[in-house]
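Peer 1: For reference, the structure I am asking about is given below.
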Amino acid sequence: MNVRLGFVILAHTDLHRVAELAQHLSSEDCAVAVHIDKKVSLDDYNRFKADVQSFENVVVLSKRTACEWGEFSLVQATLDASEKLLDTFGDLSHVSLISGSCLPIRPVRQMKRFLNRNSGVDYIESVSVKNNYWVKDGLNEERFTFYFPFSWRKQRRAFDRLVDIQRWAKIKRKIPEPLVPHIGSQWWSLTAKTLRAIINDPKRPYFDAYFNWSWIPDESYFQTLARLHSKSIESRSLTFSKFDYLGKPFVLYDDHLKELTQSDCFWARKIWTGADKLYSSLLDEKRANQPMSGADPKAFDEKFEQADILRCEGGEGRFHQGRFPYDRAERTGASVAPFTVFVGFRGIYENFPDWIETNTDTVSHGSVFARASVGRVDAKSDFVGNLPAEPKVRNRNPKGYLANLLWGQRDQHQSLMYDFRDNPRIVGTLAHDKKAHVVLIRHSWLVEVLQKSSSFENQLANAKRFYRLERRFLAEFEKETAKAKLVTIDLADMLAHPAKTLMTAIDHLPSVSPNSLKIMPERANLDGLDNLARKLRNHGLNIEYEPSAKPKDKKKQDTVFEKPYVVK
């Protein structure tokens, strides 16, 4: 069997590229019927007709349809172009539907040999909606049983409202016999015999009227009717197309040239109009065959799936405004490099950020999420990267603020302070960031209650509030999705063994020099802490702080390490 191949091209933009494609197919002895969207201006349409009039075996439809995504107009344009193609070129054996932004991954002659070896086979993705879920998100069977008079893109509110009403009213359109709804890619390659049978079906007016009320019928019309008329269907498309999570096609650029042959398809969509290298290479008549032995479609698909994940979730520490509405902190962290968060240290150790920077090779930003200030930078100054140290700016998007703060000095280890009086909106981000190393002193808020002079009733009320906040904080780190490393230190242990517990808190920090640590950070006055804890417990607060035996030389332990330490 000699294959005589025809193409239906649906085009609506970049007509100069469509002309290049039509010329190439003409030179490969293929018949071509081009439908230009009615929304294209008459001047551009006439200019395109003039550009292709000298090409052999190329016809341009005078009957044009204004095509809308998700509506029957796309099917109508395809039917009109298919009829014109078959009427004009009666010797066709196969017809392929492509768009004006498609290019051949493999030479057309190679596709002809493939079809010749598989004569009588129709290549169209055709999946039953009852047995499979080809649709990743959105309507499935309801595409065929509801009415869709409104445009999903232009009349979204009316579209959604009508769907809800039909669900409530239990509307269910009757599917014409003997149709069994199938769904799949819009792009197909059918034998001329099957395509003619679909076009000339006696029930076609009935079928057209039915699909006219369906949603996205270009993904179901031919896919369903082919099941009635084809004797042999291979449920796959010979055109590679990949869609992102929004249902928009991935665009292919010049740097995809080498990777395209990993696909086991013959055509690719959608090509960027400015991809000059792709157009010159893939439309080269002398181009060598691309053997299927080099195809690895699974690996090729995985690259696009990974790109979709990165687009939705971002890279570590990399964000843009389009990702934040989709991201809720559980998906990606705020930093591209490890960082440390000290929780509860502010009340116990005075000038702790200064001590960290002096004794370790760590940048300490201080209390970045304090209510009235941002870290150690003056409100009129900026962090590295021109990030303003203003609470109003920070509070608009705490996660984005932290991401930009950490990005500015990502080549160094960074740390910040956090206490339960600080902005709690950042806690979820910290808990789900695998780069975060969080060190928490349990019940450290007792020190803050102690230091604030007020009546015991106020102290009790504040203690209860801090107790709840600490439990909520810990609950974030107990979630299965939490990825941060959490190190907890009991307040009693911190006070009884300050040197040992402090080293537990900082031993992961990089060292500033080979010199050993000798001087402890200055500790706040904690006289009366044990008495306060006892009173709070007697008034029903279930705190876990238990004072340990006081060390013999408390002053020495508060100021110097018991033995020299080297920070790793």
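Peer 1: Consider V95 carefully, then state whether it is touching a Gly at 6+ places or on another chain (Cβ under 7 Å) and not in a loop (DSSP other than H, G, I, E, B).
Peer 2: yes
Peer 1: Further question on the same structure: Of all residues in the stretch 183-213, which are more than 14 Å from F144 (Cβ to Cβ), without any contact (Cβ under 8 Å) to a residue 24 or more places away in the chain, of a type outside the set (K, R) and assigned to a helix (DSSP H, G or I)?
Peer 2: P205
Peer 1: Taking the conditions exactly as written (surrounded by 18 or more Cβ atoms within 10 Å (Cβ to Cβ), of a type in the set (A, V, I, L, M, F, W, C) and within 30 Å of E177 (Cα to Cα)), does A226 satisfy them or not?
Peer 2: yes
Peer 1: Identify all residues within the stretch 14-56 that are among the hydrophobic types (A, V, I, L, M, F, W, C) and in contact with a Leu (Cβ under 8 Å, 6 or more places away or on another chain); write none if there are none.
Peer 2: Those that are among the hydrophobic types (A, V, I, L, M, F, W, C) and in contact with a Leu (Cβ under 8 Å, 6 or more places away or on another chain): L21, C30, A31, V32, A33, V34, I36, V40, F48.
Peer 1: With the checklist (1) over 30 Å from R143 (Cα atoms); (2) modelled with pLDDT under 95; (3) surrounded by 17 or more Cβ atoms within 10 Å (Cβ to Cβ); (4) not acidic (D, E) in hand, flag the one item V58 doesn't pass.
Peer 2: Evaluating V58 over (1) over 30 Å from R143 (Cα atoms); (2) modelled with pLDDT under 95; (3) surrounded by 17 or more Cβ atoms within 10 Å (Cβ to Cβ); (4) not acidic (D, E) leaves (2) as the failure.
Peer 1: Scan the stretch 103-116 and tell me whether some residue there is touching a residue at least 12 places away in the same chain (Cβ under 8 Å) and touching a Pro at 6+ places or on another chain (Cβ under 8 Å).
Peer 2: Yes, there is a match, as at least one residue in the stretch 103-116 is touching a residue at least 12 places away in the same chain (Cβ under 8 Å) and touching a Pro at 6+ places or on another chain (Cβ under 8 Å).
Peer 1: What do you reckon, is R173 over 25 Å from the mean Cα position of the chain (by Cα), of a type in the set (D, E, K, R) and surrounded by 15 or more Cβ atoms within 10 Å (Cβ to Cβ)?
Peer 2: Taking the combined requirement at face value, the residue does not satisfy it.
Peer 1: Kindly list the number of the only condition in (1) aromatic (F, W, Y); (2) over 27 Å from F266 (Cβ atoms); (3) at pLDDT below 90 that fails for W134.
Peer 2: Going through the list (1) aromatic (F, W, Y); (2) over 27 Å from F266 (Cβ atoms); (3) at pLDDT below 90, W134 breaks only (2).
Peer 1: Please determine whether any residue of the stretch 435-451 is in contact with a Ser or Thr (Cβ under 8 Å, 6 or more places away or on another chain) and part of a loop (DSSP other than H, G, I, E, B).
Peer 2: Within the stretch 435-451 (the criterion being in contact with a Ser or Thr (Cβ under 8 Å, 6 or more places away or on another chain) and part of a loop (DSSP other than H, G, I, E, B)), the answer is yes, since at least one residue qualifies.
Peer 1: Right, K203: farther than 23 Å from K84 by Cβ and of a type in the set (K, R) or not?
Peer 2: no
Peer 1: Now for a different question. I'd like to know if the stretch 237-254 contains one or more residues that are more than 30 Å from Y279 (Cα to Cα) and under 35 Å from the mean Cα position of the chain (by Cα).
Peer 2: The answer is no, given that none of the residues of the stretch 237-254 is more than 30 Å from Y279 (Cα to Cα) and under 35 Å from the mean Cα position of the chain (by Cα).
Peer 1: Moving on to the next point. Please indicate, with yes or no, whether at least one residue in the stretch 243-262 is among the hydroxyl-bearing types (S, T, Y), in contact with a Gly (Cβ under 7 Å, 6 or more places away or on another chain) and either assigned to a strand (DSSP E or B) or under 20 Å from E305 (Cβ atoms) (or both).
Peer 2: yes
Peer 1: Could you check, for the stretch 251-258, whether at least one of its residues is surrounded by fewer than 14 Cβ atoms within 10 Å (Cβ to Cβ) and among the aromatic types (F, W, Y)?
Peer 2: Yes, that holds for at least one residue.
Peer 1: While we're on this one: Can you say whether L495 is more than 41 Å from the chain's Cα centre (by Cα), surrounded by 15 or more Cβ atoms within 10 Å (Cβ to Cβ), at pLDDT below 90 and in the same structural domain as H413 (by TED's automatic domain parsing), as far as the supplied structure shows?
Peer 2: So L495 fits the description; yes.
Peer 1: When both residues are 6+ apart or on different chains and their Cβ atoms are under 9 Å apart, which pairs have a first residue that lies in the stretch 401-413 and is among the acidic types (D, E), and a second that is surrounded by fewer than 18 Cβ atoms within 10 Å (Cβ to Cβ) and not in a helix (DSSP H, G or I)?
Peer 2: Short answer, once both residue conditions are applied: D411/A337.
Peer 1: Taking the stated definitions as given, is R421 in a loop (DSSP other than H, G, I, E, B), within 26 Å of the chain's Cα centre (by Cα) and not β-branched (V, I, T)?
Peer 2: no
Peer 1: If you don't mind, another one. Given the structure, is A66 assigned to a helix (DSSP H, G or I) and either surrounded by 22 or more Cβ atoms within 10 Å (Cβ to Cβ) or in the same structural domain as E219 (by TED's automatic domain parsing) (or both)?
Peer 2: no
Peer 1: Based on what the data block shows, is Q76 in contact with a strand residue (DSSP E or B) (Cβ under 9 Å, 6 or more places away or on another chain), of a type in the set (S, T, N, Q) and either modelled with pLDDT of 95 or more or assigned by TED's automatic domain parsing to the domain that holds T13 (or both)?
Peer 2: For Q76, the condition - in contact with a strand residue (DSSP E or B) (Cβ under 9 Å, 6 or more places away or on another chain), of a type in the set (S, T, N, Q) and either modelled with pLDDT of 95 or more or assigned by TED's automatic domain parsing to the domain that holds T13 (or both) - is not met.
The values are calculated or read from the model by the stated rules, or taken from the named source; none is laboratory data. Please read all numbers here as calculations on a predicted model, not as lab measurements. When we count neighbours, we look across all protein chains shown, and the Cβ atoms used for this are built from the backbone with ideal geometry, even at glycine.
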